[in-house]
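All remarks here apply to the structure that follows.
The values are calculated or read from the model by the stated rules, or taken from the named source; none is laboratory data. Because the structure is a prediction, the values reported are computed rather than measured. Here the Cβ positions follow ideal geometry from the backbone for every residue, glycine too, while neighbour counts run over all protein chains shown.
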Amino acid sequence: MKTDSPFLELEAAPRVRVWFDGQPLELPDGANLAAALLAAGVRTFRHTPVSGAPRAPFCMMGACYDCLVETGGRVQQACMLEVKDGMRIARPHEAEAAHAEG
Amino acid sequence: MQKADLIVIGAGPAGMAAASEAAGAGLRTVLLDEQPRPGGQIYRDVDRAAGLRGSILGADYLHGAALTARLRSPGIEHVPGAVVWMIEQGFQVSYTREGRAARVAADRVILATGALERPMPVPGWTLPGVMTAGAAQILLKQSGVLPRQAVLAGSGPLLYLIAAQMVRAGTPPLALVETQTRADMIRAGRHLGGALRGWRYLAKGLKLMAEIRRAGVPRYTGATAIAVEGEDRAEAVAFESGGRGHRIACGTVLLHHGVVPNQQAARSMQVPHLWSQAQQCFAPVADAWGRTGREGVFTAGDGAGIGGARAAEYSGRIAALKAAEELGRLTVQERDRLAAPLLRQKARETAVRPFLDAAYPPYAEALAPDDATIICRCEEVTAGDIRSFARLGCQGPNQAKAFGRAGMGPCQGRYCGLTVTGLLASANGRSKDETGYYRIRPPIKPVTLGELAGAQDTPAED
């Protein structure tokens, strides 16, 4: 997807394919999902249900819930998940956010 | 249900040390932790990261491997990936692991839930690209990922540590925008006697600052009016320093002005807390052993008041000795003999704190933000909203929930609670203790019906 990542990755690791928001990404197998998405250049993880404002990881330790994504049929914290081959990840609450904007 | 003597919650320095000390005294100990590997945030993923990037992270970080090694004792059952969501009297601890709920019971509980970044609400702090300095540390430790174009803003030694680590990794920050002033440092001078007992910390701080200076990273101090600018992501940091305005274009902004106890688990058990003026946060009331106002519940580490990783380790061991004595595994004499050197070492480790607390106070404008600044990230409630609730008669944080949903989002007040208390206290002319804090109720982390339905609740084993 995007290559203009604002992040530097110190080590190379074997990669697997996942989908974020319908786009294929090659992420390090077993890596922290939030870190891997950031390093892959993903800027917006979700939009808030209140105003539709964009959000991305803030605390990286499971406390702030700003990195929420939808995967495996559930809305979960990306910073508490590990990358798995074939994972499908979507931005949660897109319908609610669109409603808030409208 | 599984039954143990002791449940320790959190596998950071306090929790790991508590578990190994308790197991050493013969207690069957269950150590529950959210992360896939032990270490807490300070020693996050140390077993893997030590070999990969130990030279960037430094010797103090590598010390964590000595603690994780001791978890291999047969008396310790370390349960990684366990998200605790309820602790009931008795004690029964409910947690979720791999999509299933489970429970474990024990006679004593040690809460070693650590610290959170002090919320630093400044304009634009909710934009993608703004993270805590602690988040940057976690990205580096666990994932070997660093921001390329970052500005560090706030105050405190952690900013120097992450800046120096970024220098070592070849991506120095664009600037350090520090909020503390020369006057803060002069005021801190009266604590220098205590600080000299903790000279190791001062020496480390000076060494980090020298590394940052050699790398040519610009430092601004006494910064005010800090704001993150950008449309849908952080693009620049604007601030005033030295009597003029500055603006630094950047891709990432790392905020930090100290850490505060993570109160959620203790509050959910109605452990009494009091406001600490020195550390500008609430901390659980506890004695020298870490015993709280709730019988059988101990607190250890930064969750009991900020003392740093080494002090956390000693406090974990001290609490474990007391628990072992209460459960009849140690005599009072044995307990005291083992605890005496630990209490001395803990005192030495915390001697530097009054100096650090005074030298690097919280950023005043983030404690009392402008009306337009969002303070509850989840529900997008502003400081002005909270002040208007106060004008309508809102006395405390729990009422603020009813007035405008502050603290009712998924983070359950973790990143707005202290700000709401501060704003209401100031608006109503009451103390922080009178104003109080959110009432924290289980589940302290979300749990789904599917996880409950899949619960593995085996009959009691004994």
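Of note:
- Exactly one residue out of B:183, B:153, B:164 is within 25 Å of the chain's Cα centre (by Cα), within 21 Å of residue B:280 (Cβ to Cβ) and away from chain A (no Cβ under 13 Å): that is B:153.
- Condition met for residue B:365 (closer than 30 Å to residue A:55 by Cα, away from chain A (no Cβ under 14 Å) and either of a type in the set (A, V, I, L, M) or not in a loop (DSSP other than H, G, I, E, B) (or both)): yes
- Matching entry among B:438, B:360, B:415 (being closer than 25 Å to residue B:301 by Cβ, within 13 Å of chain A (Cβ to nearest Cβ) and of a type outside the set (Val, Ile, Thr)): B:415
- Helices (runs of 4 or more DSSP H) completely within segment B:152-254 that count 2 or more residues being charged (D, E, K, R): B:182-188, B:199-214
- Taking every residue in segment A:65-79 that is within 8 Å of chain B (Cβ to nearest Cβ) and surrounded by 17 or more Cβ atoms within 10 Å (Cβ to Cβ) and pairing it with any residue that is modelled with pLDDT under 95 and not in a strand (DSSP E or B), at least 6 positions away or on another chain, the pairs with Cβ-Cβ distances below 6 Å are A:65/B:410; A:65/B:411; A:68/A:92.
- Residue ID - farthest from residue B:409 (Cα to Cα), chosen from residues in segment A:37-64 that are among the hydrophobic types (A, V, I, L, M, F, W, C) and more than 7 Å from chain B (Cβ to nearest Cβ): A:40
- Some residue of segment B:243-254 being closer than 11 Å to residue B:151 by Cβ and touching a helix residue (DSSP H, G or I) at 6+ places or on another chain (Cβ under 6 Å): yes
Results for (1) crowded, with 24+ Cβ neighbours inside 10 Å; (2) at the interface with chain A (Cβ under 9 Å from one of its Cβ atoms), shown as yes or no for each residue.
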site	(1), (2)
B:102	no, no
B:105	no, no
B:110	yes, no
B:118	yes, no
B:123	no, no
B:136	yes, yes
B:141	yes, no
B:169	no, yes
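- Verdict on residue B:70 being part of a helix (DSSP H, G or I) and farther than 26 Å from residue B:160 by Cβ: yes
- Test: residue in segment B:236-251 that is surrounded by 22 or more Cβ atoms within 10 Å (Cβ to Cβ), away from every other protein chain (no Cβ under 14 Å), more than 27 Å from residue B:137 (Cβ to Cβ) and touching a strand residue (DSSP E or B) at 6+ places or on another chain (Cβ under 7 Å): no
Quick grid of which residues meet (1) on the phi > 0 side of the Ramachandran plot; (2) within 18 Å of the chain's Cα centre (by Cα); (3) within 14 Å of chain A (Cβ to nearest Cβ):
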position: B:268; (1), (2), (3): no, yes, no
position: B:288; (1), (2), (3): no, no, no
position: B:293; (1), (2), (3): no, no, no
position: B:308; (1), (2), (3): yes, yes, no
position: B:312; (1), (2), (3): no, yes, no
position: B:326; (1), (2), (3): no, no, no
position: B:356; (1), (2), (3): no, yes, no
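- Complete set of residues in segment B:114-136 that are touching a strand residue (DSSP E or B) at 6+ places or on another chain (Cβ under 6 Å) and not hydrophobic (A, V, I, L, M, F, W, C): B:117, B:118, B:121, B:123, B:124, B:126, B:128, B:129, B:132, B:134
- Candidate set: segment B:171-180, residues that are more than 14 Å from every other protein chain (Cβ to nearest Cβ) and either hydrophobic (A, V, I, L, M, F, W, C) or surrounded by fewer than 16 Cβ atoms within 10 Å (Cβ to Cβ) (or both); chosen: the one nearest to residue B:243 (Cα to Cα): B:177
- Leading residue by the ranking (farthest from residue A:57 (Cα to Cα)) among those in segment B:374-387 that are away from chain A (no Cβ under 14 Å) and in contact with a helix residue (DSSP H, G or I) (Cβ under 7 Å, 6 or more places away or on another chain): B:387
- For residue B:22, the test of being under 23 Å from the mean Cα position of the chain (by Cα) and part of a helix (DSSP H, G or I) is failed.
- There is no residue in segment B:42-52 that is touching a strand residue (DSSP E or B) at 6+ places or on another chain (Cβ under 8 Å), within 13 Å of another protein chain (Cβ to nearest Cβ), surrounded by 23 or more Cβ atoms within 10 Å (Cβ to Cβ) and under 22 Å from residue B:265 (Cα atoms).
- Selection from segment B:446-462 of residues that are at pLDDT 70 or above and of a type outside the set (Gly, Ala, Ser): B:446, B:447, B:448, B:449, B:451, B:452
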